[in-house]
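The values are calculated or read from the model by the stated rules, or taken from the named source; none is laboratory data. Keep in mind the model is a prediction, meaning the values are calculated, not measured. Using ideal geometry, Cβ is built from the backbone for each residue, glycine included, and neighbour counts are taken over all protein chains shown.
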Amino acid sequence: MAVQRTTIPKKDKIEKKTYLIDAEGKTLGRLAARVANILRGKNKPTFTPNMDTGDNVIIINAEKIRVTGRKTEDKFYDRYSGFHSGLKSIRYSDMMAKRPCQILELAVQRMIPKGPLGDRLKKKLYVYAGAEHPHKAQKPVVLDI
């Protein structure tokens, strides 16, 4: 009986690409799920759950992302200061006006694993509100989602 062996990719053999995604007109959750899979490396045949095999992702036009239903009025983002009654909430529409990049960052961050691996994956995500980005030297591949 033949035994199948699982191959673990070496760190120097993993090929990293940089993808550019235009978020204009895209749905928040669907885009965040695709980006989380790319950051994780689940779109590659060399995916290993305990390793960082994913690629870098640049998202532009984060201020033009959309949500479905009544989420602009009903969705809230909470943060807690650590003190008693230190819960602060901000509505989606207010967050979009003040910090549109953070909406996408939080959506993707909550879809990747927690812990040291997730911390490394978060550093590979770059979100910009407008159409300009400073990563032209990396020659990003435009990814249409």
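In the range 38-60, the qualifying residues are those that are surrounded by fewer than 18 Cβ atoms within 10 Å (Cβ to Cβ), of a type in the set (S, T, N, Q) and touching a residue at least 12 places away in the same chain (Cβ under 8 Å), and the one that is farthest from residue 143 (Cα to Cα) is 50.
Where strands (runs of 3 or more DSSP E) sit wholly within the range 15-98, those with at least 1 residues that are of a type in the set (D, E, K, R) and modelled with pLDDT of 95 or more occupy 18-22, 76-80, 87-91. Residue 131 satisfies every condition listed in (1) out of contact with any strand residue (DSSP E or B) (no Cβ under 9 Å at 6 or more places or on another chain); (2) more than 13 Å from residue 39 (Cα to Cα) except (1).
In the set (1) within 15 Å of the chain's Cα centre (by Cα); (2) outside any loop (DSSP other than H, G, I, E, B), residue 12 fails one condition alone, (1).
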